[in-house]
1. Out of the residues in the range 4-29 that are among the charged types (D, E, K, R) and part of a loop (DSSP other than H, G, I, E, B), which is most open to solvent (accessible area, probe 1.4 Å)?
2. Condition (residue is loosely packed, with under 14 Cβ neighbours inside 10 Å, touching a helix residue (DSSP H, G or I) at 6+ places or on another chain (Cβ under 6 Å) and not charged (D, E, K, R)) applied to the range 30-52: is it met by at least one residue?
3. Do any residues in the range 12-30 that are more than 9 Å from ALA54 (Cβ to Cβ) have Cβ atoms under 7 Å from those of residues that are of a type in the set (Lys, Arg) and surrounded by 10 or more Cβ atoms within 10 Å (Cβ to Cβ), where the two are at least six apart or on different chains, and which pairs are they?
4. Would you please name the residue that is farthest from ILE4 (Cα to Cα), looking only at residues in the range 53-64 that are open to solvent by less than 70 Å² (accessible area, probe 1.4 Å) and assigned to a helix (DSSP H, G or I)?
Amino acid sequence: MPIIVNLDVIMAKRKISLNELSERVDLTLSNLSILKTGKAKAIRFSTLDAICKALDCQPGDILEYVNEDKGSIDC
């Protein structure tokens, strides 16, 4: 899939655990883990909003588009 989820990178930079983020955004550990590992098929804007607030970041810090034909590009 051309959308890469960099949630683990941002969590490491903010020094926050999956458990702590789960509590802050009121999302189950399993759902947050699915998102973190890039296995999610979709994300609600309300969930993305809560994650960005909890991690003090922008959606683009978490999600990255990679053109499979050309590699990573900035939009």
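1. Checking each candidate, the answer is LYS15.
2. no
3. So the pair list comes out as LEU18/LYS36.
4. Only one residue tops the list, namely ALA54.
The values are calculated or read from the model by the stated rules, or taken from the named source; none is laboratory data. The structure presented is a predicted model; accordingly, all values stated were derived computationally and were not measured. Methodologically, a virtual Cβ is constructed for each residue, glycine included, from the backbone with ideal geometry; neighbour enumeration extends over all protein chains shown. Areas reflect the complete protein model, heavy atoms only, side chains present, ligands, DNA and RNA absent. Shrake-Rupley method; radii C 1.70, N 1.55, O 1.52, S 1.80 Å.
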